[in-house]
Amino acid sequence: MTAPQRPARRGRGRRPIAQVRAEVLEAAASVLMREGVGGFTIEKVIVHSGVSSATVYKHWPSRGALALDGYLHAVGDEIALRDTGDIRADLVRGITAFVRMVGVEPAGPVFAQLIGAAQTDSELASQFDQHYFGPRRRQAFALLEAAKERGQIRPDADLGVIVDIIWGACYIRLLLPHLTGTLTVDFARDVVHQALNGVTLAEKSG
């Protein structure tokens, strides 16, 4: 009987670190999306990528950190917030992109699993803060601050509260199983409007 073949290990010639990193992340994304957080291991990524264990452990100190990087590699940066000058439309666009991302299999369930795992994996929690929640929260603050400077939002508006109302509502619906199906595009629009209704100013004419 012929033994099952393992993915061929890459040649030992020195390759650019960016290329090696891309190979590891591609493998991590594949394993994560196929098996979920519960079935994800660094060892499976090493086998799938053909990259040495020493290299993988050098750049990803924990299973959770590699899983998150693999996830972000898979979904890209489609939910980055962009300032077009219309705060309401910009937030609706960003939240809608998030809702669509987590509304499909396996990206949505895997993301919820990663958030759950971060509660007991300090390295994953740190990576989430550095590479996902932190940057996106800063994007949201910058967007709202620019809107405040344009006179679209009241000067005394608490931007942190606005961010927490919008994203907190989304994460509640994502993480509570009986509410997951209600995280819809319509909800994305409604939660932004509700959060902004009390703090927006009338557009100045002329």
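The values are calculated or read from the model by the stated rules, or taken from the named source; none is laboratory data. Note that the structure is predicted; figures quoted are calculated from it, not measured. Please note: Cβ atoms are built from the backbone with ideal geometry, for glycine as well, and neighbour counts cover all protein chains shown. Areas reflect the complete protein model, heavy atoms only, side chains present, ligands, DNA and RNA absent. Shrake-Rupley method; radii C 1.70, N 1.55, O 1.52, S 1.80 Å.
Give the Rg/Rh ratio for the stretch 68-109, taking Rg as the radius of gyration of the Cα atoms and Rh as the Kirkwood radius, to two decimals.
Numbers: Rg = 11.6 Å, Rh = 11.1 Å.
Answer for the stretch 68-109: 1.05.
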**OP:** Return the single residue from LYS58, LYS44, LYS148 with maximal mean-square fluctuation; model: Gaussian network over the chain, springs between Cα atoms under 10 Å.
**Re:** LYS58
**OP:** Report the relative contact order of the chain, percent, no decimals, based on alpha-carbon pairs under 8 angstrom and at least 6 residues apart.
**Re:** 20
Original post:
Any idea of the accessible area per residue across the stretch 23-119, 1.4 Å probe, to the nearest Å²?
Top reply: 41
Subject >> Point-to-point label distance, ILE17-SER52, nm (Cα→Cβ direction, 7 Å offset) >> reply: 1.5
Original post:
In what sequence, largest accessible area first, do TYR57, TYR71, TYR171 appear using a 1.4 Å probe?
Top reply: TYR57, TYR171, TYR71
Original post:
Once the Cα gyration tensor of the stretch 9-125 is diagonalised, what are the square roots of 5 times its eigenvalues, in whole Å and ordered largest first, as equivalent ellipsoid semi-axes?
Top reply: 29, 17, 12
Subject >> Net charge of Cβ neighbours under 12 Å - reference ALA89; Lys, Arg +1; Asp, Glu -1 >> reply: +1
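What does the extension gain come out to for ALA89 and ASP190, with contour length at 0.36 nm per residue minus their alpha carbon separation?
Working: separation 101, 0.36 × 101 = 36.36 nm, distance 1.17 nm.
Stretched out fully, the ALA89 to ASP190 stretch lengthens by 35.2 nm.
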Subject >> 27 Å tail of the calculated P(r), the chain, as % of Cα pairs >> reply: 41
Subject >> Carbon and sulfur %, accessible surface of the chain computed with the full protein complex present, 1.4 Å >> reply: 55
